[in-house]
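Here is the structure we will look at.
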Amino acid sequence: MAEPQIQKGLAGVTVDSTAISKVMPETNSLTYRGYAVQDLCAHASFEEVAYLLWNGELPTAAGLDGLRAEEVGRRGISGDHIEVIRRFPADAHPMDTLRTAVSYLGTTEVAWGGEPEEADRNRSLDLFAKIPTMIATDYRFRGGKEPIAPRDDLPMVENFFNMCFGEVPPREVIRAFDTSMILYAEHSFNASTFTVRTIASSRSDIYSAITGGIGSLKGPLHGGANEAVMHMFLEIGDPDIAEQWMRDAIAQKKLVMGFGHRVYKSGDSRVPTMRSCLEDLAAWKGDDSWVRMSDGLQKVMIGEKGIHPNLDFPAGPAYYMMGFDIEMFTPLFVMSRITGWTAHYLEQNADNRLIRPLSAYHGTDQREVLPIDRR
Ligand code: COA
């Protein structure tokens, strides 16, 4: 029999089709349901993009009002849920607490894959509305503070900041955050989305699938890179040494966080938009050190290795300037990607086949179990 062809990391393998988003590395572009992500950032809000990902079309004014009313109405989490979050170890990583907080929601009802789509649409809305509350509640407890209840007079992003910090920041910050939510929302068959679809494919429930997605996103080769980028920026410390730092890193063959991408090889479509938010935040703060550090690092990396920054590269310092703890950066990614994940869960369920690839075996040849002395 011919040796099987192994595509390590499934690189270059097309495993299914999707109508949700299209990544085009040849033109460095990305569309959600046919709309360029840059256009969505310029003309739509995160809630509108969530509607688009779930329904295939941007909402009418009435549709948007309906979604907003649903989101506002579902923000609250139960007293028991708050107590579960309160009991997490104080030094637990927020991605671990969020993974468990989402999983907790799955214990409050019995759910299965393949139920009528309406049930999972309902759960998708619930996750969309409640995940920000879970993140903020955990953030407050970690800081030794009581949670701040959601306010139904505030839009989604403003309410999230208020639940975290007790105040709503200026327009520049809200806009940059909303833009990051749109940019992080969806990206075809990345590792966490594929995890979600794989779990869905066994007809497991949406909570299990999303919990798995969070676990996959946590890794520094995927969503965890936005945290790793900021740790790297702080380690470098001084923008004036960024270029030399990168030369040294390249000489030492270091994996530099925030650079490279499995699909984009000549630039990530989302970077220019996020970079412009980073510049706006720097102007607002009157501190361009992270912008200058970014410039120094990418100049050398692109010049010497031809490896371009990915979305996590500008997003990490942007979230830092907004005032978030570094460990919260990947949970913020979850707050956004929940829209893409749930859209993929629905799509997988609507036309499902169990995902079950093959493996080539390279272990010991078949042998007999010896009955007495096995040594
Ligand atoms: N720093 C240094 N070198 C890098 C690099 C990085 N961030 N990303 C890729 N490379 C190098 C690889 O080492 C490899 O070099 P080689 O040919 O000498 O072995 C070459 O570029 C090709 O990379 P490849 O391994 O094919 O990339 P991949 O598709 O398997 O991996 C990532 C993609 C994203 C996992 C990888 O770029 C990475 O780990 N980046 C850092 C983490 C990160 O920012 N993740 C967020 C992704 S959105």
Yes/no for E304 being more than 16 Å from the ligand (Cβ to nearest atom) and either modelled with pLDDT of 95 or more or in a loop (DSSP other than H, G, I, E, B) (or both): no
Residue within segment 107-115 that is open to solvent by 10 Å² or more (accessible area, probe 1.4 Å) and in contact with a Gly (Cβ under 9 Å, 6 or more places away or on another chain) present: no
Of all residues making up segment 264-283, the number that are surrounded by fewer than 19 Cβ atoms within 10 Å (Cβ to Cβ), assigned to a loop (DSSP other than H, G, I, E, B) and modelled with pLDDT of 95 or more: 0
Options T198, T211; residue that is within 15 Å of T18 (Cβ to Cβ), away from the ligand (no atom under 12 Å from the Cβ), out of contact with any His (no Cβ under 6 Å at 6 or more places or on another chain) and not in a loop (DSSP other than H, G, I, E, B): T198
Long-range neighbours under 6 Å by Cβ, at least six apart or interchain, first residue surrounded by 20 or more Cβ atoms within 10 Å (Cβ to Cβ) within segment 28-46, second assigned to a strand (DSSP E or B): L30/V23; Y32/S21; V37/L30
Residues within segment 284-296 that are closer than 19 Å to F177 by Cβ and buried (at least 20 other Cβ atoms within 10 Å of the Cβ), tallied: 2
Sole exception among (1) free of Cβ contacts under 8 Å to residues at least 40 places away in the same chain; (2) out of contact with any strand residue (DSSP E or B) (no Cβ under 9 Å at 6 or more places or on another chain); (3) over 30 Å from Y361 (Cα atoms); (4) not in a helix (DSSP H, G or I) for S17, by number: (3)
Selection count where residues are aliphatic (A, V, I, L, M), closer than 24 Å to A185 by Cβ and more than 9 Å from the ligand (Cβ to nearest atom), scope segment 236-281: 4
Evaluation of S188 against (1) buried (at least 23 other Cβ atoms within 10 Å of the Cβ); (2) touching a strand residue (DSSP E or B) at 6+ places or on another chain (Cβ under 6 Å) (one fails), failing number: (1)
From A119, A92, A61, A101, residue being under 21 Å from F324 (Cβ atoms) and without any contact (Cβ under 8 Å) to a residue 24 or more places away in the chain: A92
Exclusive hit being touching a strand residue (DSSP E or B) at 6+ places or on another chain (Cβ under 8 Å), away from the ligand (no atom under 12 Å from the Cβ) and farther than 17 Å from M230 by Cβ, set G363, G340: G340
Search result, residues across segment 214-255 that are assigned to a loop (DSSP other than H, G, I, E, B) and open to solvent by less than 10 Å² (accessible area, probe 1.4 Å): G223, G224
Subset of segment 116-162 (residues that are open to solvent by 70 Å² or more (accessible area, probe 1.4 Å) and among the β-branched types (V, I, T)): none
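Residues checked against (1) in a helix (DSSP H, G or I); (2) under 19 Å from I182 (Cα atoms); (3) over 17 Å from the mean Cα position of the chain (by Cα):
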| position | (1), (2), (3) |
| --- | --- |
| L52 | yes, yes, yes |
| G66 | yes, no, yes |
| E71 | yes, yes, yes |
| H81 | yes, no, yes |
| A90 | no, no, yes |
| V102 | yes, no, no |
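The values are calculated or read from the model by the stated rules, or taken from the named source; none is laboratory data. Because the structure is a prediction, the values reported are computed rather than measured. Note that each Cβ is placed from the backbone with ideal geometry, even for glycine, and that neighbours are counted across all protein chains shown. To get the accessible areas, we keep the full protein, side chains included, count just its heavy atoms, and leave off ligands, DNA and RNA. Shrake-Rupley method; radii C 1.70, N 1.55, O 1.52, S 1.80 Å.
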